Amino acid sequence: MAEDAECSTSAVVTPPIIVEYCPITGLPPEYNECLPKESDEYKKWKASQEGPEGLEKLTLRDKDGNEVEKKLPGGKVKKKAKPQIIMETAKRQGKKMTTSIAGLENFGIKLSDASKVFGKKFACGASVTKTASLTEQIEMQGEFMDKLPDLILKTYGSSHNITKDDIFFIGEDKKKHNYFEDEDDEDED
């Protein structure tokens, strides 16, 4: 019995292991070699192994030393995606519809605040939901495609630089269309 008490008091507690992460890849250093060869993290890590001149090889610079965007085959420069607001209606059951608005966060709008504004204006339930692609969107109960774009422009247009060219809807043909494109065509006639 005296031996049991002696064993329990002499148990050694091992301290937790401290893992250091690579500042370039964000992984423990022993995993850097296992990264896929075509990934950007692997290329940066491999270039850093060569020294500072290796990292400079990864960025393209013109004659003046300014960074240049990488060009696609044929000399084309890849365009940066312009932020867009995309609206879509979906049928639930019976005559019930839901309206989804995605892309407001790209203009610096807080989705929770916008959902409150939409819910009060249209007297409906409005909530922020996650999509399958892990982005957030506002989902409202009801069909508001005719009033929603004007409210977005009136409420957020001048303060967040939203124009008529930034608002799109997904039609019945499942393609993206500019919401105000039809109005422009009518003005020209």
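Screening THR99 on (1) modelled with pLDDT of 70 or more; (2) loosely packed, with under 11 Cβ neighbours inside 10 Å; (3) within 30 Å of LYS176 (Cβ to Cβ) shows it passes everything except condition (2). All of HIS177, HIS160 fail the test of being outside any loop (DSSP other than H, G, I, E, B) and within 16 Å of LYS82 (Cα to Cα), apart from HIS177.
State whether the residues of the stretch 39-48 include one that is modelled with pLDDT of 80 or more and in contact with an Asp or Glu (Cβ under 7 Å, 6 or more places away or on another chain). Checked the stretch 39-48: no residue is modelled with pLDDT of 80 or more and in contact with an Asp or Glu (Cβ under 7 Å, 6 or more places away or on another chain). In the stretch 85-108, the residues that are of a type in the set (Ser, Thr, Tyr) form Cβ pairs under 9 Å with partners that are loosely packed, with under 11 Cβ neighbours inside 10 Å, at six or more places apart or across chains, as follows: THR98/LYS91; THR98/ARG92.
Filter the stretch 129-155 down to residues that are under 20 Å from the mean Cα position of the chain (by Cα) and hydroxyl-bearing (Ser, Thr, Tyr) and give me whichever is surrounded by the most Cβ atoms within 10 Å (Cβ to Cβ). Step by step, filter the stretch 129-155, then rank; the result is THR129. Can you spot a residue in the stretch 107-130 that is modelled with pLDDT under 90, assigned by TED's automatic domain parsing to the domain that holds SER158 and out of contact with any His (no Cβ under 8 Å at 6 or more places or on another chain)? No: the stretch 107-130 contains no residue that is modelled with pLDDT under 90, assigned by TED's automatic domain parsing to the domain that holds SER158 and out of contact with any His (no Cβ under 8 Å at 6 or more places or on another chain).
So that you can scan it fast, the table gives a plain yes or no per residue for (1) touching a helix residue (DSSP H, G or I) at 6+ places or on another chain (Cβ under 8 Å); (2) more than 18 Å from ASP166 (Cβ to Cβ); (3) assigned to a helix (DSSP H, G or I):
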position	(1), (2), (3)
LYS82	yes, no, no
GLU88	no, no, no
THR99	yes, no, no
ILE109	yes, no, no
ALA114	yes, no, yes
LYS121	yes, yes, yes
CYS124	yes, yes, no
SER133	no, yes, no
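The values are calculated or read from the model by the stated rules, or taken from the named source; none is laboratory data. Everything numeric in this text was worked out from a predicted model, so none of it was measured. No Cβ is skipped: glycine too gets one built from the backbone with ideal geometry, and neighbour counts run over all protein chains shown.
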